[in-house]
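Input: a single structure, listed below in structure tokens.
The values are calculated or read from the model by the stated rules, or taken from the named source; none is laboratory data. What you are looking at is a predicted structure, and each value in this text was computed from that prediction instead of being measured. Note that each Cβ is placed from the backbone with ideal geometry, even for glycine, and that neighbours are counted across all protein chains shown. Quick note on the areas: whole protein, heavy atoms, side chains included, nothing else; ligands and nucleic acids left out. Shrake-Rupley method; radii C 1.70, N 1.55, O 1.52, S 1.80 Å.
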Amino acid sequence: MRERLPLWLQDSCAVRPRAVAAVGVVLICAVGFAGQQYWSARPRAVTAPAVITPGALPAAATAPAAALAQGAAVGAGGGGGTAARIVVDVTGKVRDPGVRRLPAGSRVEDALAAAGGVRPGTDTTGLNLARVLVDGEQVVVGAPAQPPPAGVVGGFGPAPGAGSGLGSSGAGPLSLGSATVAQLDGLPGVGPVLAQHIVDFRTARGGFRSVEELRQVDGIGERRFADLRSLVRP
């Protein structure tokens, strides 16, 4: 049968050794590649990590956390019964008067810094900037010098067994009926011009019958009157 076929067809159907060898190499490579893929994709056993309980940690690892927790407790509640922060009222000739919360042991200069500093030209010679503040006191800047609050010895700290509250008002309010221009100029928010207006108002009205009449003086608004109300009397 083969001999009767055309020569070109006999040549195409002939199986040559080179062709057999090439096909064999391709099959071997394919089988090897398939085997490698199967081996890499096979399921493997995975070991779960060991669970470490807090009690199993070494002392060196737990010490920093314990120290941090203890420090936070001391900062929140204070150590040895001492308050961690104090509250003071800074008023007068400062840039930002108001209530300030400062660390315990702060001094007057710290309160002034927290209030934005004193206004330009303000005389602070009557203030002891190194005095330790007590909780609940008021720091008045630019007013006539007053003794330190009750419980403060020599202006440097609370006396043993003394309370932290504010005591007597010391020299007392300034009299609007007899104060001079220089004395009025020392009040918070009052300058030489406003002090003269107060004196002129007093002269024209024959004195002050009440502190509320201070509202009628030209240049005194509600906020300034609120700062002066507790510092003056008729």
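Being modelled with pLDDT under 55, assigned to a loop (DSSP other than H, G, I, E, B) and surrounded by fewer than 11 Cβ atoms within 10 Å (Cβ to Cβ) holds for only one residue in 81, 121, and it is 81.
If you check 228, 194, which single one turns out to be surrounded by 18 or more Cβ atoms within 10 Å (Cβ to Cβ), modelled with pLDDT of 85 or more and out of contact with any Asp or Glu (no Cβ under 9 Å at 6 or more places or on another chain)?
Numbers: 194 fails: out of contact with any Asp or Glu (no Cβ under 9 Å at 6 or more places or on another chain).
Of the residues listed, the single one that is surrounded by 18 or more Cβ atoms within 10 Å (Cβ to Cβ), modelled with pLDDT of 85 or more and out of contact with any Asp or Glu (no Cβ under 9 Å at 6 or more places or on another chain) is 228.
Only residues that are open to solvent by 50 Å² or more (accessible area, probe 1.4 Å) and of a type in the set (A, V, I, L, M) were counted in region 124-142, giving 1.
This table checks each residue for (1) modelled with pLDDT of 85 or more; (2) at negative phi; (3) touching a helix residue (DSSP H, G or I) at 6+ places or on another chain (Cβ under 8 Å).
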site	(1), (2), (3)
108	yes, yes, no
125	no, yes, no
137	yes, yes, no
152	no, yes, no
158	no, yes, no
167	no, yes, no
213	yes, yes, yes
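Please enumerate the residues belonging to region 201-214 that are surrounded by 13 or more Cβ atoms within 10 Å (Cβ to Cβ) and out of contact with any Gly (no Cβ under 8 Å at 6 or more places or on another chain). 201, 211, 213, 214, listed by residue number.
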